[in-house]
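To start, the structure itself, in structure tokens.
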Amino acid sequence: MEPARQTGPSSCKQLLALDGGGVRGAISVAFIERIEAICKERSGRGEAFRLSDHFDLIGGTSTGAIIGTALALGLRASEVKELYLRLAPRVFRRSRWRLSLVQTIFDATVLQREIAGIVGDRRLDTPDLRTHLAIVMKRMDTGGTWIITNCPHAKFWDDPADGSYIGNKHFRLASLVRASTAAPYFFAPEEVSVMDGRPPGVFIDGGLTPHNNPSLALLQVATIPAYGFHWPVGADKLHIVSVGTGSHRLCIGRTAARRMLAAQFAARSLVTMIGDNSTQVLTMMQILGRSHTPWTINTEVGDLDGFLLPSDPLFTFQRYDLLLSRAWLRAELNLKLSDREVERLYAMDNAESIPLLYEMGQAAAAKLVQPEHLLPA
């Protein structure tokens, strides 16, 4: 069954990609509110409007999977904000009884309960999903990246005749979202049965794939035949809106590196790969598509303005984010924070940062998200 679309077919497919980032998802929520307000006013549908009416595909990684699933189920941005501001402090609550380096920092049963409160017992084929949904996760027992959708034309959607695997449509939506949020060290992996009579697959956070920023993943889903969409490319045919959770470059100084234990240095090095992957995704999106909101990649290549790899753009791309940099926050948002205060915002598990992160997101959204960027539904 196709997801119930509330609008007629459009010649331009609209995609919404939501980054991972733990509690920094509060920034995404603020951007979502601004995007919804603009699209709602343009739609003329008043309170009946939902972002699931505007976007043909919503996809997310980790915390973005939670927000994206809620939107695809038809929740308003205000409802997503309410549940997120309630969920995050409960999920990221430390217990003095958990053993450091032996157990994960947080109890996954709390996360599981909160996710179930949003999606219930629905399967991926639920007709309650009002638009197409994509969730990114990593399967550890096979080493593969999974980008799973509710498209009934996808290769593994139905059960095969030989019973060699369980069709994607049977997967519990709560398990898939939980898998995408299973950040190692923070939460235990999620097990999902993929074959009858065989051990379940072991899944961890989608941020440990190249797709913490899932923009490129959604482009793949929309265009690669195996995913079942077959949507045409072109600046007037494919529009991708990407929402971040606050970007920063994690640096390790020479003195700090010398003092770190080998395991600490290894862990910090792996964390930097998430940022590197996101930068690479942003680079590819900006050289393949046309953007009104180009971001500086680095001091060498700048924002790639004027450079396009194909002869014509494959899509239109808008990236909304903010930089967790004292200089940027002061110059762009007039927020005067110390380096130490900004560094505290880097943490993906500090629930005390949520009010400030949300406030920063509101200020950035008001400045960066413009009506002319968002194509009509």
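The values are calculated or read from the model by the stated rules, or taken from the named source; none is laboratory data. This structure is a prediction, so every number in the text was calculated from the model and none was measured. Quick reminder, even Gly has a Cβ in these numbers, built from the backbone with ideal geometry, and neighbours come from all protein chains shown. With ligands, DNA and RNA removed, areas are computed over all heavy atoms of the protein, side chains included. Shrake-Rupley method; radii C 1.70, N 1.55, O 1.52, S 1.80 Å.
Values computed for the structure shown
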| quantity | calculated |
| --- | --- |
| Span-rule helices in the chain, defined as complete DSSP H runs reaching 15 Å or more along the axis (Cα) with Kyte mean at least -1.0 | 25-43, 77-91, 108-119, 262-288, 354-368 |
| Per-peptide average of other Cβ atoms within 10 Å, ordering 268-279, 355-366, 57-68, 331-342 highest first | 57-68, 355-366, 268-279, 331-342 |
| Partners for K40 among lysines (Cα-Cα distance below 27 Å; same-chain residues under 8 apart left out) | K13, K81, K237, K367 |
| Label-point separation, I252 to K155 (7 Å along Cα→Cβ), nm | 3.6 |
| Per residue solvent-accessible surface (Å²) - the chain, probe of 1.4 Å | 46 |
| Dipole magnitude of the chain about its Cα centre (Cβ charges: Lys, Arg +1; Asp, Glu -1), debye to nearest 20 | 980 |
| Cα-Cα pairs of the chain separated by more than 28 Å (percent) | 43 |
| Column: log10 I(q)/I(0), Debye, Cα scatterers of region 258-352, q = 0.15, 0.17 Å⁻¹ | -0.81, -0.95 |
| Radius, Kirkwood style, for region 71-178 when every pair of distinct Cα atoms is counted (Å) | 16.0 |
| Around P210: net Lys/Arg minus Asp/Glu count, Cβ-Cβ under 15 Å | -1 |
| Virtual spin-label span in nm between R94 and M284, 7 Å along Cα→Cβ | 3.6 |
| Total formal charge among the other residues, if their Cβ is under 11 angstrom from that of F49, Lys/Arg +1 and Asp/Glu -1 | +1 |
| Cα-derived Rg to Rh of region 203-287, Kirkwood definition | 1.12 |
| Apportionment of accessible area to carbon and sulfur, the chain, percent (1.4 Å) | 53 |
| Nearby aspartates and glutamates by direct alpha-carbon distance to K336 (threshold 18 angstrom, same-chain neighbours under 8 apart not counted) | E359 |
